[in-house]
């Protein structure tokens, strides 16, 4: 079996190295495309979310739920906006004619429904932010091994040249060694940026997840305080 496989690999060596380099080139293009797309997506969601939580909480404190909801729905692409909007929709029935909220059991039920809705949207937003990151991690893991495959084939070609010429001089092995080194370098060239970018984006996703959880808790607390303040004002007037 070895007598059949090894000579076949020797004859196909140059094609295998070329195939390895083409594969790594395609991996590199795809990796850079994913990195650019994810960077732009995180930049957009950060720009759309800047200052949004403070504006929404101020409007909620004034009893203006519909204005707060409108602020969350525009501009598009905000991770905080999507989470806060889902919670505000659950609180809308509590809005009273005068600035303020209805209190009582309805507030507790709305708070529970809002928390659950915001948890579901948080999970959905995390999934959206993590799009294509798995493929980036996969490329970072397999690219060195693809490069190593090209390295092995290049070394095999060097030994095949030695056996064919009967000489171990530089001229007979230089081509195979050069192919091996280029394949190794190409694998690392693809893997290093992919791994660095993956770790960076994963840390950004964790940061955004913490922000969304914090925003959800702050919204529920602000609605509760506004409702209690409104109820206190009604009792004082009564």
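Computed from the coordinates by the stated procedures, all read-outs in this text should not be read as laboratory data. Bear in mind the structure is a predicted one, so any value in this text is a computation, not a measurement. Heads up, the Cβs are rebuilt from the backbone with ideal geometry, glycines too, and the neighbour counts pull from every protein chain shown.
Tabulated values for the structure
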item: Fraction of alpha-carbon pairs over 22 Å apart in region 11-125 - percent; result: 51
item: Length added when fully stretched, residue 55-residue 126, from 0.36 nm per residue minus Cα-Cα; result: 23.3 nm
item: Burial ordering of 111, 18, fewest other beta-carbon atoms within 10 Å first; result: 18, 111
item: Label-point separation in nm, residue 188 to residue 202, each point 7 Å along Cα→Cβ; result: 2.2
item: Protection-proxy order for peptides 119-132, 210-223, each taking the mean of Cβ atoms within 10 Å per residue, highest first; result: 210-223, 119-132
item: Three principal axis lengths of region 8-229 [C-alpha, angstrom, descending]; result: 97, 26, 19
